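Reading through the structure tokens given below for one structure.
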Amino acid sequence: MSDCIFCKIVNGEIPSTKIYEDELVFAFMDISPINPGHVLVIPKEHHVSCASIPEETAGRIFHIASRVGVACKRALDIPGFNLHLADGSCAGQVVMHAHLHVVPRDPEDGFRWNWRQTKYASDAERESIASGIKEKFKL
């Protein structure tokens, strides 16, 4: 897509600090990192949603992201990392090109996802929602 910043990065029109590239995926340093070493892993082909990424490419993205996470642990001498994908602007997706964040983590880094917890009103409500999801689920 001609106006997509990530497509421009893949095409070399915008500079990036590349970590990895193959025929399906591109991994590069995030310019606004949560923590030092924050990497984005993206499909080279433009997809707005993770739901439209071909299975082979999606699998490759997660495989590379996990390997980047391990490399971050070793390079930064940290104990962990998060993989995070936001699908849709209401979920926090800012660049409308599907991407997986690899966020290096240290117990003292001070970052918190700030997730709230909620509860279902009843077991019946949970089961009703689950039934609706199962009904709409498609491979």
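The values are calculated or read from the model by the stated rules, or taken from the named source; none is laboratory data. Predicted model, so just to flag it, every value in this text is computed and none were measured. In this analysis, Cβ positions are derived from the backbone assuming ideal geometry, glycine residues included, and neighbour counts consider all displayed protein chains.
Given the conditions (1) crowded, with 19+ Cβ neighbours inside 10 Å; (2) farther than 14 Å from His99 by Cα; (3) in contact with a Phe, Trp or Tyr (Cβ under 8 Å, 6 or more places away or on another chain), which single one is not true for Ile64?
With (1) crowded, with 19+ Cβ neighbours inside 10 Å; (2) farther than 14 Å from His99 by Cα; (3) in contact with a Phe, Trp or Tyr (Cβ under 8 Å, 6 or more places away or on another chain) applied to Ile64, the lone miss is (2).
Condition test on Ala86, is it at pLDDT 95 or above, crowded, with 18+ Cβ neighbours inside 10 Å and aliphatic (A, V, I, L, M)? Spell out how you get there, then give the answer.
Numbers: at pLDDT 95 or above: yes; crowded, with 18+ Cβ neighbours inside 10 Å: no; aliphatic (A, V, I, L, M): yes.
Criteria not met by Ala86.
Going by the structure shown, is Gly132 farther than 17 Å from Asp22 by Cα, part of a helix (DSSP H, G or I), more than 12 Å from the chain's Cα centre (by Cα) and not hydrophobic (A, V, I, L, M, F, W, C)?
Details: farther than 17 Å from Asp22 by Cα: yes; part of a helix (DSSP H, G or I): yes; more than 12 Å from the chain's Cα centre (by Cα): yes; not hydrophobic (A, V, I, L, M, F, W, C): yes.
Here the answer is yes, as Gly132 does meet what is asked.
Confirm whether Gly37 is under 27 Å from Leu139 (Cβ atoms) and either under 16 Å from the mean Cα position of the chain (by Cα) or not acidic (Asp, Glu) (or both).
Values: under 27 Å from Leu139 (Cβ atoms): no; either under 16 Å from the mean Cα position of the chain (by Cα) or not acidic (Asp, Glu) (or both): yes.
Judged against the criteria, Gly37 is not a match.
So that you can scan it fast, the table gives a plain yes or no per residue for (1) in contact with a helix residue (DSSP H, G or I) (Cβ under 9 Å, 6 or more places away or on another chain); (2) closer than 30 Å to Cys4 by Cα; (3) surrounded by 12 or more Cβ atoms within 10 Å (Cβ to Cβ):
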| site | (1), (2), (3) |
| --- | --- |
| Cys72 | no, yes, yes |
| Gly92 | no, yes, no |
| Trp115 | no, yes, no |
| Ser131 | no, no, no |
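Is there any pair with a first residue in the stretch 72-90 that is among the β-branched types (Val, Ile, Thr) and a second that is assigned to a helix (DSSP H, G or I) whose Cβ atoms are under 9 Å apart and which are 6 or more apart or on different chains, and what are they?
Ile78/Cys72
Looking at the stretch 107-132, which of the residues that are at pLDDT below 95 and either of a type in the set (A, V, I, L, M, F, W, C) or in contact with a strand residue (DSSP E or B) (Cβ under 8 Å, 6 or more places away or on another chain) (or both) is farthest from Asp77 (Cα to Cα)?
Trp115
Run Phe28 past the list (1) in contact with a Lys or Arg (Cβ under 8 Å, 6 or more places away or on another chain); (2) part of a loop (DSSP other than H, G, I, E, B); (3) within 29 Å of Arg112 (Cβ to Cβ) and report the number of the one that doesn't hold.
Only one criterion in (1) in contact with a Lys or Arg (Cβ under 8 Å, 6 or more places away or on another chain); (2) part of a loop (DSSP other than H, G, I, E, B); (3) within 29 Å of Arg112 (Cβ to Cβ) is unmet by Phe28, namely (2).
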